[in-house]
Each structure stands twice: as structure tokens, then as C-alpha cells.
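Student: First the structure, then my questions, so here it is.
The values are calculated or read from the model by the stated rules, or taken from the named source; none is laboratory data. Note that the structure is a prediction, hence the values are computed from the model and not measured. A quick note on method: Cβ atoms are made from the backbone with ideal geometry, for glycine too, and the neighbour counts reach across all protein chains shown.
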Amino acid sequence: MRDVRLGDEIDDYCVKCRRITNHLVVSILNREPAKVRCRTCYHEHDYRREEAPPKKDAKKEALFKEVLSSIDPAAAEQDAAPKKATKARGKKS
Ligand SMILES: [Zn+2]
């Protein structure tokens, strides 16, 4: 395997683009790319060996949506209730 050199173009996973893109090697450690820069968005990050980050993001997203959906209905009810009450009061008086 030939040594990687600064400025070499390699594939890696870009968290900003969320896919494998062309990267430029900007830093080398122990003959391996240490930092790379995405050629699409110029985001610089540690070399990931073309691996996408763990599925934490997906889990977080699912959790976030779950929390949102559990909050939204309650918020909607709370919003609607006082309005009805004040309208009713207004009609009575
Ligand atoms: Zn990118």
C-alpha cells in the first residue's frame, strides 16, 4: 500500500454532505490520513475511513420526533381550552 500524501484525493464520509464524497488529505498521522477536507462543502474533519457515524443520529431523530408528537397534542389542547373558556365567559356576561 502506497503512502498517503498531503493533497491526495480520497473518499470519505462527510457529515455535512451526509454521504461519501471526494476529500483532500490535509493532515497525516502515522502514514494515515488524520484530517481530510470535503471537496464538495470544504468541511474539514477527522478521517473516518469512509465510515458513516454511528446510528445515534437516527435514534436521536426518532426520539426527537417522538417527544415532539407527545408534546404537540397536549400543547394544542391547552391552547384550545382557555380560548373556549374565555369565549363562553364572554357570551355569558
Ligand atoms: Zn461535504
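Student: Taking region 15-72 only, how many residues are under 22 Å from Asp3 (Cβ atoms) and either of a type in the set (D, E, K, R) or not in a strand (DSSP E or B) (or both)?
Tutor: Number satisfying all stated conditions: 13.
Student: Further, regarding this structure: Checking Lys35 against (1) out of contact with any Asp or Glu (no Cβ under 8 Å at 6 or more places or on another chain); (2) at pLDDT 75 or above; (3) of a type in the set (Lys, Arg): exactly one of these is not met. Which one?
Tutor: (1)
Student: Looking only at region 7-29, count how many residues are loosely packed, with under 13 Cβ neighbours inside 10 Å and either under 13 Å from Tyr47 (Cα atoms) or within 15 Å of the ligand (Cβ to nearest atom) (or both).
Tutor: 6
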